[in-house]
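**Student:** Below: one structure in structure tokens.
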Amino acid sequence: MTQGRLTRSRYNKWIAGICGGIADYFGWNAELLRLCWVVLTVSTAFCGGIIYLVLWLIMPQD
């Protein structure tokens, strides 16, 4: 885990940089995290989409 704040990624993003920021913070692969996020979102009746929108609002930009 890196030192610092959890922020949205400015460079490693597709939509808002949420998954890229989480991956950067924990040192994970962003593409694998995005794939897991999509699978979990679809399998949980799109609850992941709501969480993504909330994180988009509360996570600061890098």
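**Student:** Restricting to DSSP H runs of at least four residues, report the calculated mean residue ellipticity at 222 nm for the chain, -39500 (n - 2.57) per run over all residues, nearest 500 deg cm²/dmol.
**Tutor:** Helices in the chain give a 222 nm mean residue ellipticity of -17500 deg cm²/dmol.
**Student:** State the answer as a single residue: which of Asn29, Phe46, Thr7 lies farthest towards the positive end of the charge dipole of the chain, with beta carbon charges of +1 for Lys and Arg and -1 for Asp and Glu, about the Cα centre.
**Tutor:** The residue sitting farthest along the positive end of the dipole is Thr7.
**Student:** Any chance you could run the full-extension gain for Ile58 through Ser43? It's 0.36 nm times the residue separation minus the Cα-Cα distance, nm to one decimal.
**Tutor:** Details: separation 15, 0.36 × 15 = 5.40 nm, distance 2.44 nm.
My answer for the length gained is 3.0 nm.
**Student:** Oh, and also: What helices does the chain have that are whole DSSP H segments, at least 15 Å long along their own axis by Cα, and with mean Kyte-Doolittle hydropathy of 1.0 or more?
**Tutor:** Working: long enough: 30-43 (20 Å, 1.55); 47-58 (17 Å, 2.38).
The answer, listed by residue number, is 30-43, 47-58.
**Student:** Quick one: pull the percent of accessible area on the chain belonging to carbon and sulfur, 1.4 Å probe, ligands and nucleic acids left out.
**Tutor:** Details: 3090 of 4480 Å².
After summing per-atom areas, the C and S share lands at 69 percent.
**Student:** Also, I was wondering about something else. Given that just one value was derived from the coordinates, which of [x] 0.96; [y] 1.04; [z] 0.90 is Rg/Rh (Cα atoms, Kirkwood Rh)?
**Tutor:** Calculated Rg/Rh (Cα atoms, Kirkwood Rh): the matching label is [x].
**Student:** What does the accessible area per residue of the chain come to in Å², with a 1.4 Å probe and no ligands, DNA or RNA counted? It would help to have the intermediate numbers written out before the result.
**Tutor:** Values: 4480 Å² over 62 residues.
Roughly 72 Å² per residue, with all protein chains present.
The values are calculated or read from the model by the stated rules, or taken from the named source; none is laboratory data. Because the structure is predicted, anything quoted here is derived from the model rather than measured. Ideal geometry is used to build each Cβ from the backbone, glycine not excepted, and the neighbour counts take in all protein chains shown. Surface accessibility is based on the protein's heavy atoms, side chains included, excluding ligands, DNA and RNA. Shrake-Rupley method; radii C 1.70, N 1.55, O 1.52, S 1.80 Å.
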